[in-house]
1. Can you tell which of 476, 584, 503 lies farthest toward the positive end of the dipole of the chain, using +1 and -1 charges on the Cβ of basic and acidic side chains (Lys, Arg; Asp, Glu)?
2. For 305, 522, what's the largest-to-smallest order of accessible area, 1.4 Å probe?
3. Amide H to amide H under 5 Å from residue 166: which residues, 5+ apart in sequence or cross-chain, H placed 1.01 Å off N in plane?
4. Round to the nearest 10 and report in Å² the accessible area of residue 512, as given by a 1.4 Å probe over the protein chains' heavy atoms.
5. Give me the 1.4 Å probe accessible area per residue for the chain, excluding ligands and nucleic acids, in Å².
6. Dividing the convex hull volume of the Cα atoms of segment 245-286 by its residue count, what figure in Å³ per residue is obtained?
7. Quote the FRET efficiency, to the nearest 0.05, computed for residue 689 versus residue 363 with a Förster distance R0 of 51 Å and r equal to the Cβ-Cβ distance.
8. With all protein chains present and a 1.4 Å probe, how do 655, 665 order by accessible area, largest first?
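The values are calculated or read from the model by the stated rules, or taken from the named source; none is laboratory data. Since this is a predicted model, take the numbers as computed values, not measurements. Glycine also receives a Cβ, built like all others from the backbone with ideal geometry; neighbour counts cover every protein chain displayed. Note: accessible area is taken over every heavy atom of the protein model, side chains too, but ligands, DNA and RNA are not part of it. Shrake-Rupley method; radii C 1.70, N 1.55, O 1.52, S 1.80 Å.
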Amino acid sequence: PAPDNRTYDTDLLEILSQRVVVGDGAMGTQLQAADLTLDDFRGLEGCNEILNETRPDVLETIHRGYLEVGADAVETNTFGCNLSNLGDYDIADKTRELAHAGTAIARRVADEFSTPERKRYVLGSMGPGTKLPSLGHTEYAVIRDAYIEAALGMLDGGADAILVETCQDLLQLKAAVLGSRRAMARAGRHIPVIAHVTVETTGTMLLGSEIGAALTAIEPLGVDMIGLNCATGPAEMGEHLRYLSQHARIPVSVMPNAGLPVLGAHGAEYPLRPDEMAEALAGFVAEFGLSLVGGCCGSTPEHIRQVVAAIADTTRGQRRITHEPSVSSLYSSTTLRQDASVLVIGERTNANGSKAFREAMIAEDYQKCLDIAKDQTRDGAHVLDLCVDYVGRDGAIDMTALASRLATASTLPIMLDSTETPVLRAGLEHLGGRCIVNSVNYEDGDGPDSRFHKTMELVAEHGAAVVALTIDEQGQARTPEHKVAIAERLIADITGNWGVEESSILIDTLAFTIATGQEESRGDGAATIAAIRELKKRHPDVQTTLGLSNISFGLNPAARQVLNSVFLHECREAGMDSAIVHASKIVPINRIPDEQRQVALDLIYDRRRDGYDPLQELMRLFEGVSAASSKESRAAELAKLPLLERLARRIVDGERNGLEADLDEAMTQKPPLAIINEDLLAGMKTVGELFGSGQMQLPFVLQSAEVMKAAVA
């Protein structure tokens with residue numbers, strides 16, 4: 001794909017930038033009100049799309065009714081032109097044919113009402129179908145290919161835009177959007193794509209997606225407008241529209257039902273009067289700067305007539321947009337840049353890095369794999385690194401098994417970690433949220449057959465963020481200058497040739513072990529830090545990341561914990577944004593004894609001198625010491641402190657063992673409220689200062705908060 005500078009065969013986006021476009025109202029409820037027989041449906045009761053062939057006159061009347069009252073755009077009668085809907089009637093092979101017929105009918109009527117001064121537009125309606133891929137009802141690739149057929153019919157029929165609407169599952173929405181894009185490439189005709197999600201009265205989409213997760217997943221797919229439709233009336237949509245108005249960098253739209261449906265004598269009835277809908281939509285336009293409004297279920301030509309009149313008297317509000325580069329799970333969004341912390345990418349869901357995960361994967365004990373993922377969530381990870389690559393196994397099968405389960409089981413976004421494009425594809429086709437792809441590099445060049453090229457095709461199509469390693473045809477960069485030079489080449493290539501924003505690129509300047517004692521590796525830690533600092537100076541929007549624990553490979557666990565923690569702090573100070581790390585194996589800087597911290601710093605910056613080698617000194621300090629015994633020595637140190645000082649320190653250290661006994665003793669000396677206000681809050685104040693200065697990571701702040709909560713109780 002070329003950079004995102006598409007030119008369209010319609011001026012709809014230009015018109016949307018100039019004024020508010022008013023769409024039509026309901027199709028389904030209008031058809032229910034028409035006098036239709038079972039013969040009109042060819043015996044396929046409820047299959048509205050068959051009417052495109054049998055009763056075009058009825059559809060023309062409905063379109064005409066909306067255009068006569070002033071609508072700018074009408075939706076095609078193609079909502080059910082998808083695999084699951086037409087498949088239920090055993091006519092899935094007619095998808096393209098019926099989509100074309102429905103679009104051609106709307107086109108004829110829109111052209112009839114168009115004038116040189118005011119065009120009328122056709123929106124190709126693309127519904128969700130009845131099967132949700134995130135729940136395993138169907139496969140992404142299968143419905144994507146069916147959406148290609150529907151989109152081809154709409155393109156041939158003369159649609160001005162494709163409206164992917166009433167979306168309940170982000171993976172289904174992705175299939176529809178990317179299917180439409182593939183159809184446009186095939187047809188050589190490009191029109192805008194609009195995405196409308198449906199947010200239930202629960203405040204999320206049907207599968208639990210928050211509006212922030214939806215925006216994060218949808219916008220990078222290259223859609224041209226985002227909004228809400230169906231499920232509720234306008235009253236329930238206000239806060240979700242506020243979020244989109246403040247965060248979406250594309251136009252925002254809404255097409256609500258005529259109120260929340262109530263059960264009446266003839267089925268669902270919609271209580272919102274035309275004047276009430278007009279007032280609500282005009283208010284949204286004024287407050288949220290919307291670009292397209294219209295109606296969904298229950299809305300009639302009279303509703304639209306009054307909406308048109310109200311919008312004509314309304315000044316569109318100015319939108320003030322705050323964009324935060326993010327990734328998402330099916331449920332929630334996570335910003336790539338964390339305040340006062342690094343983005344913690346949990347490393348244990350990795351078949352190469354975790355023996356427990358690998359053994360569970362090989363045994364197909366998927367519940368154990370999910371438990372390991374959940375442990376990382378509890379330990380404070382923001383993203384999960386999912387790697388299934390293991391010699392002798394079919395990675396695409398393993399990725400399908402795990403990604404499909406994590407899609408609904410994990411609240412955290414997923415980093416897909418593989419050197420094989422089929423494995424990455426399997427992950428992307430099972431995850432509706434926005435993923436990070438790990439990784440690309442220039443090891444085998446950047447030609448059409450290179451791994452870089454094949455991976456970037458996936459990244460660009462699926463709107464993923466991407467990790468880019470500082471490796472070129474000569475190998476892994478070791479000096480700061482070489483690391484930065486490769487990074488510059490990667491950034492220019494990924495943005496210029498693949499249309500990916502700088503803020504969606506995570507440059508990995510690569511950490512190598514500095515624990516071998518070999519002369520050529522002594523400066524690797526300092527080189528990595530210097531490269532991060534220079535890169536952030538040149539490209540502040542680019543993200544930086546590291547596989548952190550590589551730095552300490554070869555040392556014992558206790559020494560690794562200290563070296564990793566000190567190195568993480570130094571990289572963070574240089575501007576590093578994220579790290580692949582086991583969060584529970586990091587220690588806050590304030591808990592590391594000064595001598596250990598200083599020796600670790602000397603090793604990182606290669607401060608050898610006559611008679612002093614920091615590597616030998618670090619190994620001596622930790623000879624025979626385990627991570628557990630380090631913890632025991634900290635507990636012993638804690639026990640030596642005076643009681644009230646110890647209570648404050650317990651909060652800072654997040655140390656709960658022995659808390660109740662200390663509190664019982666303290667309450668013999670002063671009242672509970674005094675302990676809380678004078679001693680416990682003093683500890684939380686220290687926690688806040690350490691977090692604010694970057695010396696304590698978020699997982700440890702949460703630990704401290706839990707101990708504070710227990711102590712107060």
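1. In the chain, that residue is 584.
2. 305, 522
3. 196, 229
4. 40 Å²
5. In whole numbers, the chain has 40 Å² accessible per residue.
6. In segment 245-286, the Cα hull volume divided by residue count equals 84 Å³.
7. 0.65
8. 665, 655
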